[in-house]
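Undergrad: Below is a structure I'd like to ask you about.
What follows draws every value from the coordinates through simple rules; no lab data is involved. Just so we're clear, the structure is a prediction, and the values are computed from it rather than from any experiment. Cβ: placed from backbone, ideal geometry, glycine included. Neighbour counts: every protein chain shown.
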């Protein structure tokens, strides 16, 4: 059973080299700060965040390639802090493939098991099991230099799972590949996971990749956990402004707004803009006149109002037809508010329209802390 | 402002042919996009017009003048480079002013001030005059680069993937900004990109390039709805169009396609069937977009049985890939769709929107005109049914 639990994990990289001039450097900031999460046996977890958020450090700590500054990690019931990497029963695949160039694909896959002194029979059985899973069964006699990038990465992942590890760790495995190959391999990784049901953690900066692969996503920023949830949860209910802006494409509109009273309800108003949009009623108990908020609403959740609203008319700034969908923009001060719709509609630039937000799909964030107001 | 004409341009680098007898006629004031995969010859073509590269054969005309042997500086073109190429030691104001301080196009300082003010306002960087490039964000640098290009009124603006270096989020917003500014460009613009959304959004016309040749020339909607071959069809749209082979057969006087190992023929709209009859095509490739496939987890009349190969939530939608007798079809599903891998699923194709290609040559044959694909004007956004 390979259930992974991280408890209050900290990591700080020390400046190892002592300066000649004995200048005291301030200690580095934590690369990982108080990170706790757990995943069930067989779960597919995505660790997602911008570069420098600590996601790879976390993975390397789980793998045993970095020491813990503080905190504990458990695989199953075993505390792994002081276990050597080889004793952690982990399979690891990095972005660059690190295959042995003089060995055939078969020997590359067999390498770890040979090192452990497994019999030829066992090795053959294991290789023949994983090779078709990642569609490398036709490549077994080839050597790495003859393979394409996608094929190399397949071999690399196959090698990571050939020993049937309790935990599979993937660090940006698709970043080197081009669009089409990336999609194919994404499907195959997901199917491989479905087949062997090995607890898997993938580190990525691509939100699409995390959303499409993972059962649950861990979103990190500056070494700290921002939110953990299923793809739909983090998309529909972002915990804060950062998550809201990071997840989803086209990106969420995030606008600073002042709320004012108007008649029975409230209106969103924006600096340097005449735009006024009705505040959905469900917020009435949380807001007051003059309150500052950051309004978050996805392009698919804004639309041109069909009926007249209490809001103001604004001119269309741009209209684009992308075939699959239409994108429409209006200007709000120095920002653009984007709308997206699959419907076949057409607007002229400059045409005056009113906007409407889907009530249940608007999010308010505290402008200082970025926390969600709910 | 000028019309640009290219006649049978050939450009070779050693043995490699980068441009292979290319003809192009770009209208005055047109926003023209060169689109294609890496290595198609887009940037080479742009450089040929700029005068940085010289073609071995063919004529380049700007206006009515043949410019093959005119030096770049005398061609009166203005270019934005992919990597911005700003002067690191000059501030934003001086960077943007620099084209007007060159020997050839010198203006007096009062005019320069006025022009810099105009474009920085337009690009919304008028508060950044004093900053150096190193003190700017990527998005701001990119705006400075475009501003420097727009500050003069040249014959033609040349833009080489100006948004390619920005991250995905910023690219969305910058494309919107560019689209909004477009009408104030007031000159012929040639824009290179490999992002189909940029191409469709900005272009008056698009030329799809591949191996130094033009595959198709037309508006963005022509590219999307009537691509001239399967290569072009695959370039536009997300998820990529599904294309599968089939055989045209007649049953009870109606034409249909036998494909995907199905018992029943897939219906072909009458007007498309007419064309297929006249051309006597038997082997076709059917192209159908993800939006034109519906699904359910229980069998329905006229649906095909398959299994879920992949189910990928990507935020506002789910892309489900369905395996039907070994062929994978991707369809777009609502964003809360849950499906297990290998679970049975039943799909129905909206054959009214199918595109038919020749099975051998992969060239476009026909599509039904039954469903109008032109967006109705001024119609408010309605709820999707």
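Undergrad: Tell me, A:80, B:241 in order of fewest to most beta-carbon neighbours within 10 Å? Before the final figure, lay out each step's value.
TA: Working: A:80 24, B:241 21.
Final ranking by Cβ density, sparse to dense: B:241, A:80.
Undergrad: Next question, about the same structure. Helix-derived [θ] at 222 nm for chain B: sum -39500 (n - 2.57) over DSSP H runs of at least 4, divide by residue count, nearest 500? Write down the numbers at each step before the final one.
TA: Values: 9 runs with 86 residues, N = 385.
Calculated at 222 nm, the ellipticity per residue is -6500 deg cm²/dmol.
Undergrad: Taking a virtual spin label 7 Å from the Cα of residue B:69 along the C-beta vector, which residues in segment B:5-28 bring their backbone nitrogen under 20 Å of it?
TA: Residues passing the 20 Å test: B:5-12.
Undergrad: Considering all projection directions equally, how large on average is the shadow of the alpha-carbon convex hull of segment B:242-367, in square nanometres?
TA: On the way: hull surface 31.2 nm².
That works out to 7.8 nm², a quarter of the Cα hull's surface.
Undergrad: Out of all DSSP beta bridges with both ends in chain A, state the antiparallel percent to the nearest 5.
TA: Values: 55 of 73 bridges.
DSSP beta bridges in chain A are roughly 75 percent antiparallel.
Undergrad: When every alpha-carbon pair in segment B:4-232 is counted, what percent end up more than 31 Å apart? All intermediate terms of the calculation are to be shown ahead of the outcome.
TA: Working: 5590 of 26106 pairs.
Percent of Cα pairs beyond 31 Å in segment B:4-232: 21.
Undergrad: Taking every DSSP beta bridge that has both residues in the protein assembly as shown, what percent is antiparallel when rounded to the nearest 5? Before the final figure, lay out each step's value.
TA: On the way: 118 of 156 bridges.
Roughly 75 percent of the DSSP beta bridges within the protein assembly as shown come out antiparallel.
Undergrad: Could you give the alpha-carbon Rg of chain A over 2.2 N^0.38 Å, rounded to two decimals?
TA: On the way: Rg = 25.4 Å, N = 374, 2.2 N^0.38 = 20.9 Å.
Here the Cα radius of gyration is 1.22 times the empirical estimate.
Undergrad: Still on this structure, please answer the following. With angles folded into 0 to 90 degrees, how steeply does helix A:105-115 sit against the dominant principal axis of chain A? Use alpha carbons for both and round to 10.
TA: Helix A:105-115 and the main axis of chain A meet at about 70 degrees.
Undergrad: Using a 10 Å cut-off around each Cβ, can you sort B:24, A:286, A:6 from fewest to most neighbouring Cβ atoms?
TA: Least crowded to most crowded, the residues run A:286, B:24, A:6.
Undergrad: Could you tell me the calculated FRET efficiency between residue B:340 and residue A:74, based on Cβ-Cβ distance and R0 = 30 angstrom, to the nearest 0.05?
TA: Details: r = 29 Å, r/R0 = 0.97.
With a Förster radius of 30 Å, E is 0.55.
Undergrad: Counting helices only, and only those DSSP H runs with n ≥ 4, report the 222 nm mean residue ellipticity of chain A as the sum of -39,500 (n - 2.57) divided by its residues, in deg cm²/dmol to the nearest 500. Show your work: numbers first, answer last.
TA: Details: 8 runs with 84 residues, N = 374.
Estimated from H runs of four or more residues: -6500 deg cm²/dmol.
Undergrad: Sorted from fewest to most neighbouring beta carbons within 10 Å, what does the list B:325, A:194 look like? Numbers along the way, then the final one.
TA: On the way: B:325 11, A:194 15.
So the ranking, lowest neighbour count to highest, is B:325, A:194.
Undergrad: Calculated FRET efficiency, residue A:196 and residue B:283, Cβ-Cβ r, R0 45 Å, to nearest 0.05?
TA: Working: r = 40 Å, r/R0 = 0.89.
For R0 = 45 Å, the calculated efficiency reads 0.65.
Undergrad: May I pose another question? Could you grab the Rg to Rh ratio for segment A:253-373? Cα atoms only, Kirkwood for Rh. Spell out each step's value before the answer.
TA: Details: Rg = 14.1 Å, Rh = 14.7 Å.
Ratio value, two decimals: 0.96.
Undergrad: Something else about it: Residue by residue through A:323-332, how many Cβ atoms from other chains fall within 10 Å of the Cβ on average? Before the final figure, lay out the partial values.
TA: Working: counts 14, 12, 5, 2, 7, 2, 6, 2, 3, 0.
That average works out to 5.
Undergrad: Go ahead and set up a Gaussian network model of chain A, Cα springs under 10 Å, then flag whichever of A:89, A:338, A:28 fluctuates most.
TA: Per the Cα network of chain A with a 10 Å cutoff, A:28 tops the list.
Undergrad: Pulled fully out, how much extra length does the chain show between residue A:307 and residue A:178, if you take 0.36 nm times their separation in residues and subtract their Cα-Cα distance?
TA: Values: separation 129, 0.36 × 129 = 46.44 nm, distance 4.54 nm.
41.9 nm is the gain from fully extending residue A:307 to residue A:178.
Undergrad: Compute the Kirkwood hydrodynamic radius of the protein assembly as shown, taking the inverse of the mean of 1/r over all pairs of distinct Cα atoms, and give it in Å to one decimal.
TA: Its Kirkwood hydrodynamic radius stands at 29.2 Å.
Undergrad: Between segment A:149-196 and segment B:256-305, what is the separation of their alpha carbon centroids in Å?
TA: The two parts, judged by their Cα centres, are 34 Å apart.
Undergrad: Same structure, new question: Step by step: find N for segment A:188-272, compute 2.2 N^0.38 Å, then divide the Cα radius of gyration by it. What's the final number?
TA: 1.49
Undergrad: Here's another thing I want to ask about it. Using the Cα gyration tensor of segment B:163-214, with a ≥ b ≥ c the square roots of its eigenvalues, what is the shape: rounded (a/c below 1.5), prolate (a/b larger than b/c) or oblate (neither)?
TA: On the way: a/c = 2.39, a/b = 1.22, b/c = 1.96.
The shape class here is oblate.
Undergrad: Students often check this: by mean Cβ neighbours within 10 Å, which of A:134-145, B:334-345 ranks highest, and how do the rest follow? Don't skip to the end; give the middle numbers.
TA: Working: A:134-145: 16.6, B:334-345: 14.3.
My ranking of the peptides, most packed first, is A:134-145, B:334-345.
Undergrad: Return the FRET efficiency for the residue pair residue A:358, residue B:195: r is the Cβ-Cβ distance, R0 is 30 Å, and the value is rounded to the nearest 0.05. Mind dumping the intermediate values first?
TA: Values: r = 28 Å, r/R0 = 0.94.
Taking R0 as 30 Å, the efficiency between residue A:358 and residue B:195 is 0.60.
Undergrad: What share of Cα pairs, in percent, lie more than 24 angstrom apart in segment A:109-244?
TA: Working: 3447 of 9180 pairs.
Value for segment A:109-244 (Cα pairs over 24 Å): 38 percent.
Undergrad: Could you bin all the Cα-Cα distances of segment B:17-81 into 10 Å bins starting at 0 and give me the percent of pairs in each, rounded to whole numbers?
TA: The distribution over segment B:17-81 is 18, 56, 25, 0, given as percents.
Undergrad: Here's something else I'd like to know. Would any residue of segment B:194-211 have its amide N under 18 Å from a label point 7 Å out along Cα→Cβ of residue B:164? List them or say none.
TA: Label zone hits: B:194-203, B:207-211.
Undergrad: Which one, B:316, B:291, B:95, has the greatest fluctuation when you compute a Gaussian network model over chain B with C-alpha springs under 10 angstrom?
TA: With Cα springs under 10 Å in chain B, the top fluctuation among B:316, B:291, B:95 is at B:316.
Undergrad: Just to be sure I understand: with springs between alpha-carbon atoms less than 10 Å apart, which residue in A:78, A:45, A:201 has the highest mean-square fluctuation in the Gaussian network model of chain A?
TA: Looking only at A:78, A:45, A:201, the largest GNM fluctuation is found for A:78.
Undergrad: Still on this structure: Kindly give the semi-axes, whole Å and largest first, of the ellipsoid equivalent to segment B:101-238, taking each as the square root of 5 times a Cα gyration tensor eigenvalue. Numbers along the way, then the final one.
TA: Numbers: eigenvalues 207, 61, 30 Å².
Those come to 32, 17, 12 Å.
Undergrad: I need to check one value: relative contact order of segment B:242-367, counting alpha carbon pairs closer than 8 Å and at least 6 residues apart, in percent.
TA: Details: 273 pairs, mean separation 35.2, N = 126.
This gives 28 percent for segment B:242-367.
Undergrad: Can you tell me the equivalent ellipsoid semi-axes for chain B? Use √(5λ) from the Cα gyration tensor, largest first, whole Å. Don't jump to the answer; show the numbers that get you there.
TA: Working: eigenvalues 428, 131, 58 Å².
Those come to 46, 26, 17 Å.
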